[in-house]
Amino acid sequence: MSDVLIRDAALGLTAAGWEVLPCSPQTKAPLTAHGHLDATQSAEVIGQWWMRWPGALIGVKVPADAVVLDIDPRNGGSLDTLLAVLGPLPDTMSVLSGRGDGGQHLYYARPPVTLRGRLPGMPGVDIKKSGYMIAPPSPHPSTGKPYRANMKFIPNGFPGLPGRAVEALTVPAPRKEAFSGEYALTPYRVEKLAGVVLSALPGERNSILYWAACRIFEHADPTIDVNSCLDALADAAQGSGLSLREIESTVNSARKASGS
């Protein structure tokens, strides 16, 4: 597909209500300085982007009232496995990956709960509550075949998730005793700290990550693999929507504050 057709498709998506951004045709990563935060509906800006980055894929910003179940078979994800955990799901708008391996993005109305970033034991499914997704008709970097939507691609009107699915996707309430007083770090406590980071809401994610990292540094001893503990926090922070740059900066601040 030509660059002009992709640019025109990006403009068509803005007319349908999406905010779009250009993404690398090799890695699918955003090409703009602030990632999905730069997504726009401005025809002028979009024209400039595709002049600067011909061949860019189209990314669309995940709507604030939506959640996307991103199934990646390369990491073990499958629709059948997802349905085994969540139960039957209503038909919804789905984007099929141009890779042709069954990968897809399922769009649903976001429930009023704190959502996980991933399902336990299911690394091949990401739960996207923010950020961006590659949109049709962008060609997949590996195959050149386009992403395809199974119905009209509009950013609203998504069906709600059934109760069983909402329960499975909700972050469990943390146990307060896991975070107070003097304690030695254990896998259970690191998991609970990561759960608090994962459930952080926009506006508090950096401060909660900082708090959790400080707990790691404060309670570590020579028998503790601090890096693996911090990796667990970093994975959770990514799931909550923080960028790698934000995570690194916040953890380094906690490291300095603790004198580590």
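The values are calculated or read from the model by the stated rules, or taken from the named source; none is laboratory data. All of these numbers come straight from a predicted model, not from anything done at the bench. Cβ atoms come from the backbone with ideal geometry, glycine included; neighbour counts cover every protein chain shown. Just so you know, the surface numbers come from the protein's heavy atoms only, side chains and all, with ligands and any DNA or RNA stripped out. Shrake-Rupley method; radii C 1.70, N 1.55, O 1.52, S 1.80 Å.
The lysine pair tally for the chain, using Cα distances under 24 Å and a gap of 8 or more places or different chains, is 16. For the chain, the Cβ-based charge dipole about the Cα centre amounts to some 220 debye (Lys, Arg positive; Asp, Glu negative; other atoms uncharged). When you filter the GluC sites (Glu not before Pro) in the stretch 187-260 for DSSP loop state and at most 16 other Cβ atoms inside 10 Å of their Cβ, you are left with Glu204.
Once Lys and Arg get +1 and Asp and Glu get -1 on their Cβ, which of Ala236, Leu86, Ala66 lies farthest toward the positive end of the dipole of the chain? Positive-most Cα among the choices belongs to Ala66. Per residue, the accessible area of the chain comes to 50 Å² when a 1.4 Å probe rolls over the protein heavy atoms.
About its Cα centre, what dipole magnitude does the stretch 1-119 give when the only charges are +1 on Lys and Arg Cβ and -1 on Asp and Glu Cβ, stated in debye to the nearest 20?
Details: 9 positive and 11 negative charges, 56 e Å.
Value, rounded to 20: 280 debye.
Residue separation of His34 and Glu204 scaled by 0.36 nm, minus their Cα-Cα distance, works out to 59.3 nm of gained length.
Computed over the Cα atoms of the chain, what is the ratio Rg over Rh, Rh following Kirkwood? If you can, show how the numbers build up before the last one.
On the way: Rg = 19.8 Å, Rh = 19.7 Å.
Using only Cα positions, Rg/Rh for the chain is 1.01.
The distance between label points at Thr223 and Val4 comes to 7.0 nm (points 7 Å beyond Cα on the Cα→Cβ vector). The charge dipole of the stretch 214-260, taken about its Cα centre with unit charges on the Cβ atoms of Lys, Arg (+1), Asp and Glu (-1) only, comes to about 200 debye.
Note the full-extension length gain between Asn252 and Arg52 as 0.36 nm times their separation in residues minus their Cα-Cα distance, in nm to one decimal.
In short, 68.5 nm is gained.
Given R₀ = 45 Å, FRET efficiency for Val113-Ser142 by Cβ-Cβ distance, to 0.05? Plugging the Cβ-Cβ distance into 1/(1 + (r/R0)^6) gives 0.80.
A 1.4 Å probe, protein heavy atoms only, puts the accessible area of Ile224 near 40 Å².
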